[in-house]
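Q: Sharing a structure here in structure tokens format.
The values are calculated or read from the model by the stated rules, or taken from the named source; none is laboratory data. Given the structure is predicted, the values throughout are model-derived calculations rather than measurements. When we count neighbours, we look across all protein chains shown, and the Cβ atoms used for this are built from the backbone with ideal geometry, even at glycine. Areas reflect the complete protein model, heavy atoms only, side chains present, ligands, DNA and RNA absent. Shrake-Rupley method; radii C 1.70, N 1.55, O 1.52, S 1.80 Å.
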Amino acid sequence: MNEEVLELLFQAGRIAARVKERAYSLVKEGVKLIEICEAVEMMIESEGGKPAFPCNVCVDEVAAHYSPLPDDQTTVPPNALVKVDLGVHIDGYIVDTAVSVSLSKEKQPLVTVAEEALRAAVKFIRAGTRLGEIGAVIQNTIQKAGFKPIKNLTGHEILRYNLHGGASIPNIAIPDVRRVTKGAVYAIEPFVSFANSAGEVVNADTSTIFRLDSKKAPVMKLKPEERALVEYINESFKGLPYSPRWLYASKVSDPLSIHEKLVKTGRVHKYPVLIEKKRQPVAQAEHTVYVEEDGCKILT
Ligand code: MN
Ligand code: MN
């Protein structure tokens with residue numbers, strides 16, 4: 001990566017860090033999830049970035065991929081453990097970061113341990129580190145504290161306009177001997193649950209986040225309004241995940257029902273909401289890092 005590109009990435013990181021800092025105070029009992037999410041997305045824009053994906057606001061056993069739909073009236077319940085996961089991009093250079101806020105004393109240790117596991121992984125990672133070893137560091141930190149990592153959620157390499165590009169960073173020890181490369185960008189994100197959880201997530205039957213592969217040719221004949229919406233999605237999000245909330249900005253009338261048709265016919269990729277298999281609460285901590293010869297720089 002050249003200097004200019006690196007500066008865009010660092011700039012996206014500074015925006016994400018500032019927005020994340022302010023996200024903590026938005027999480028209060030009774031607040032609508034959509035308010036938290038729209039406030040975060042608006043802050044990203046006003047700081048000069050663009051959301052790299054819809055802000056996720058996930059409560060308790062909902063581990064990931066929940067971003068409120070336009071009519072969502074859900075509020076933060078009492079004693080909730082809330083995860084706010086946000087992404088910022090500038091010209092396709094993406095950072096991804098998340099925090100957990102516990103309104104319950106009992107669930108707070110999950111948050112503390114997720115942050116501790118993230119710190120341990122960040123301290124460990126450098127050019128040449130094996131991917132499986134990072135997973136081991138995360139798993140050991142979590143298990144030593146008496147908790148369980150979510151084994152089927154991972155961190156990921158980030159490429160330009162590609163949030164989950166390249167390698168995955170496991171949250172458990174697996175025999176992946178591939179190595180972290182110098183100059184690469186990775187999101188590291190431990191997920192932690194109680195020892196009596198399943199330690200894994202399953203798909204819920206709903207999806208709130210979608211993605212359209214801009215390089216994929218239309219697989220069927222589209223009606224004019226469908227074509228207009230596909231073009232809008234391609235031009236606006238360039239293959240990055242989006243929320244149906246964002247489709248009102250298109251000039252297409254009734255974009256949500258047209259979008260639903262595109263989803264039903266498989267034109268659009270959907271991300272199912274992910275929930276802990278035994279419905280146990282899950283905490284998450286996440287940073288995006290830039291890997292150097294003898295360590296890494298936290299961008300977020
Ligand atoms: Mn994230
Ligand atoms: Mn991520």
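Q: Report, by residue number, each residue of the stretch 162-194 that is of a type outside the set (Val, Ile, Thr), more than 18 Å from residue 300 (Cβ to Cβ) and more than 12 Å from ligand 2 (Cβ to nearest atom).
A: 166, 167, 170, 173, 175, 176, 178, 179, 182, 193, 194
Q: Go through 276, 293 for me and flag whichever is in contact with a Lys or Arg (Cβ under 7 Å, 6 or more places away or on another chain) and either on the phi < 0 side of the Ramachandran plot or at pLDDT 95 or above (or both). Write out each step before concluding.
A: Values: 276 fails: in contact with a Lys or Arg (Cβ under 7 Å, 6 or more places away or on another chain).
One residue alone meets the criteria, 293.
Q: Is there any pair linking a residue in the stretch 20-31 that is open to solvent by less than 80 Å² (accessible area, probe 1.4 Å) to one that is in a loop (DSSP other than H, G, I, E, B) and aliphatic (A, V, I, L, M), with Cβ under 6 Å and at least six apart or on different chains, and which?
A: 31/76
Q: Still on this model: Would you mention how many residues in the stretch 135-176 are touching an Asp or Glu at 6+ places or on another chain (Cβ under 9 Å), of a type in the set (A, V, I, L, M) and within 17 Å of residue 117 (Cα to Cα)?
A: 6
Q: List the strands (runs of 3 or more DSSP E) inside the stretch 68-152, counting only whole elements, that have at least 1 residues being open to solvent by 60 Å² or more (accessible area, probe 1.4 Å). Step through it out loud before you land on a result.
A: Details: elements: 81-90, 93-102, 147-149.
Qualifying strands (runs of 3 or more DSSP E): 147-149.
Q: Every residue in the stretch 95-118 that is of a type outside the set (Asp, Glu) and within 16 Å of ligand 2 (Cβ to nearest atom), please.
A: Initial filter on the stretch 95-118 (of a type outside the set (Asp, Glu)): 95, 97-105, 107-114, 117-118.
95, 97, 98, 99, 100, 114, 117, 118, listed by residue number.
Q: OK, next. Looking at the stretch 274-298, which of the residues that are of a type in the set (A, V, I, L, M, F, W, C), closer than 17 Å to residue 185 by Cβ and open to solvent by less than 10 Å² (accessible area, probe 1.4 Å) is farthest from ligand 2 (Cβ to nearest atom)?
A: Our first condition is that a residue be of a type in the set (A, V, I, L, M, F, W, C); within the stretch 274-298, this holds for 274-275, 282-283, 285, 289, 291, 296, 298.
Remaining after also requiring closer than 17 Å to residue 185 by Cβ: 289, 291, 296, 298.
With open to solvent by less than 10 Å² (accessible area, probe 1.4 Å) added as a condition, the list becomes 289, 291.
On the way: 289: 12, 291: 16 Å.
This residue is 291.
Q: Condition first: over 11 Å from residue 212 (Cβ atoms) and open to solvent by 20 Å² or more (accessible area, probe 1.4 Å). Now tell me which residues in the stretch 253-263 satisfy that.
A: Here is the first cut: in the stretch 253-263, the ones over 11 Å from residue 212 (Cβ atoms) are 253-258, 260-261.
Scanning the stretch 253-263 gives 253, 254, 256, 257, 260, 261.
Q: Given (1) at pLDDT below 95; (2) over 23 Å from residue 71 (Cα atoms); (3) touching a strand residue (DSSP E or B) at 6+ places or on another chain (Cβ under 9 Å), where does residue 221 come up short, assuming only one miss?
A: (3)
Q: Scanning the stretch 236-288 for residues that are acidic (Asp, Glu) and in contact with a helix residue (DSSP H, G or I) (Cβ under 9 Å, 6 or more places away or on another chain), which turns out nearest to residue 109 (Cα to Cα)? Write out each step before concluding.
A: Step one: filter the stretch 236-288 for residues acidic (Asp, Glu), giving 254, 260, 276, 286.
Imposing the further condition that a residue be in contact with a helix residue (DSSP H, G or I) (Cβ under 9 Å, 6 or more places away or on another chain) reduces the set to 254, 260, 286.
Working: 254: 45, 260: 40, 286: 16 Å.
Selected residue: 286.
Q: A further question follows. Go through 266, 239 for me and flag whichever is small (Gly, Ala, Ser), at pLDDT below 95 and either surrounded by 16 or more Cβ atoms within 10 Å (Cβ to Cβ) or touching a strand residue (DSSP E or B) at 6+ places or on another chain (Cβ under 7 Å) (or both). Give the derivation first.
A: Numbers: 266 fails: either surrounded by 16 or more Cβ atoms within 10 Å (Cβ to Cβ) or touching a strand residue (DSSP E or B) at 6+ places or on another chain (Cβ under 7 Å) (or both).
On inspection, the qualifying residue turns out to be 239.
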